[in-house]
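Report on the following structure.
Nothing in this text is a laboratory measurement; each read-out follows from the coordinates by a stated rule. Just so it is clear, the model here is predicted, and its values are computed rather than measured. Cβ sites come from the backbone with ideal geometry, for glycine too, and all protein chains shown count toward neighbours.
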Amino acid sequence: MPRPDPPVTARRQFHIGIVAGEVSGDMLGAGLVKALARYPADFKFTGIAGPAMQALGCESRFAMERLTVMGLEGLFGRIREIFCIRRNLKEYLIAEQPDLFVGIDAPDFNLVLEKHLRRAGIPVVHYVSPTVWAWRGYRIRLIRKAVDRMLALFPFEVEYYHRHGVPVTLVGHPMVREIPAQPDISRYKQEMGIDPAKRIVALMPGSRRSEISRLAGDFLAGAGMLAEKFPGLQFVSAMPNNELMAELQVMKRVHAPDLDLVCVSGRSRDVMACADVVLLASGTAALEAAIIGRPMVVAYKVSGMTKLMVKLFASVDYYSMPNHLAGRAIVPELMQEHCTAGNICREVSRYLEDDQEVKKITALFSELRNSMDMDASAIAAAAIASMLKISAPDDDIAAC
């Protein structure tokens, strides 16, 4: 007599509200959605999502691009529209009462929304810590009211949140696993027309027109001084698009007309991997260069208004992420009036002249990379599953 089939247990269903405000958040959200799909439950995601999340079935009630603004000027021009979107989404989510809400980065939008949702009884997870430890530290009071659990990318952030009484989980930085530990440098150089016999200095003055207009002149003038000091150097720059590449070429004709400069569209990480030294604008590129393991000099210039706000609200001694991660100045920072051609030449020269300095900094970068080498999506999904009291993923059960 055949054995009867075991009873079918219905899979639990969960509704998760979610908001990603820019491309990087969309990628993090897509990784999270994929990781949650391994669990023995069904999920519905509703909120604001980019193309990567929408391709996985997330419902976006507003276009993600409507949240993406650049600088104070962009914010002032769009603030009414953004407030309207947030109010509409708040009312919808409170009416729907999802099982949990995940705000991915975009703290100026998400934290206020999260405070209202948490007050309405909806558990809240915030994915990617705001730079509250560095800038506008008063926001920690809002975070305590708005967030049930913070998902942090960097180890030093965990201690900060423990100190301020906010539950936190370290998930590591997804960029570590996106960037190969052993890049194919010979192939990169061949594809990009870089001379394999020359030492390379990468010039990365930023990805926005305002950054390039403020920094590229000093970068190029400093490169010209380096070319005179170290004959045979080749300089390589990666621009995000052809329009900004053309702008850089115009500035080259003014500041360093004879410079041996190769310009590449996109491929900024590949350019950094090929470089002996990277001169870059402070921002995400500094973290990328550290993960790639390249010696760097970090520079930045901001407007007078932004400089004033930094003086009023900044609470750290360093601006670049490698120095934050190390807790000390391991890479030189040339900010504002210190960003000059002469200072650039001096700091880049230190690496070109001192092999021991290069070995020391690359060893430190290897330690930093290892400290963040975690499966961010899986750890974030596990934290959320724990809050929802979902059992182990399907494939984990099958492996037992």
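Of the listed pairs 189/360; 198/229; 34/90; 198/301, which have alpha-carbon separations greater than 22 Å here? Exceeds cut-off: 189/360; 34/90; 198/301. Computed from backbone phi, the HN-Hα couplings of the range 239-247 come to 10, x, 7, 5, 5, 6, 5, 5, 5 Hz, rounded to whole numbers (Karplus: 6.51 cos²θ - 1.76 cosθ + 1.60, θ = phi - 60°; Gly and Pro given as x). Think of it as helices only: each DSSP H run of n ≥ 4 in the chain is worth -39500 (n - 2.57), and spread over all residues that comes to -15500 deg cm²/dmol at 222 nm. Across the range 109-116, rounded Karplus estimates of 3J(HN,Hα) from the backbone phi angles (6.51 cos²θ - 1.76 cosθ + 1.60, θ = phi - 60°) give 8, 6, 4, 5, 4, 5, 4, 5 Hz, Gly and Pro being marked x.
Distant-in-sequence amide contacts of residue 12, defined by a placed amide H-H separation under 5 Å and a gap of 5 or more residues or a different chain, comprise 42.
Past the 19 angstrom mark, what percentage of all C-alpha to C-alpha distances in the range 185-372 do you count?
Result for the distance tail: 57 percent.
Semi-axis lengths, largest first, of the ellipsoid equivalent to the range 206-251 are 21, 11, 8 Å, with √(5λ) applied to each eigenvalue of the Cα gyration tensor. Along the axis of the charge dipole computed for the range 161-200 (Cβ charges of +1 for Lys and Arg, -1 for Asp and Glu, origin at the Cα centre), the listed residues 176, 194, 166 are led at the positive end by 166. Legend: calculated FRET efficiency, residue 34 to residue 356, from the Cβ-Cβ distance at R0 = 45 Å, rounded to 0.05, equals 0.55. If the segment from residue 79 to residue 284 were pulled out straight at 0.36 nm per residue, it would be longer than the present Cα-Cα gap by 71.3 nm. Are there trypsin sites (Lys or Arg not before Pro) in the range 325-395 that DSSP puts in a loop and that have at most 11 other Cβ atoms within 10 Å, and which ones? Here the sparse-neighbourhood loop sites are 328, 389. Considering Cα pairs under 8 angstrom that are at least six residues apart, work out the relative contact order of the chain and quote it in whole percent. RCO, the chain: 16 percent. Projected over all directions and averaged, the alpha-carbon convex hull of the range 155-286 occupies 10.0 nm². For residue 45, the residues whose modelled amide H falls within less than 5 Å of its own, excluding neighbours fewer than 5 places apart on the same chain, are 16, 59. Computed from backbone phi with θ = phi - 60° and the Karplus coefficients 6.51, -1.76 and 1.60, the 3J(HN,Hα) list for the range 199-216 is 6, 10, 10, 8, 10, 10, x, x, 10, 10, 4, 5, 5, 5, 5, 8, 10, 4 Hz; x is used for glycine and proline.
Under 20 °C and 1.002 mPa s, how fast does the chain diffuse according to Stokes-Einstein, given a Kirkwood radius computed over C-alpha pairs? Answer in µm²/s, whole number. Present the calculation step by step, with values, prior to reporting the outcome.
Working: Rh = 23.1 Å.
For these conditions, the coefficient is 93 µm²/s.
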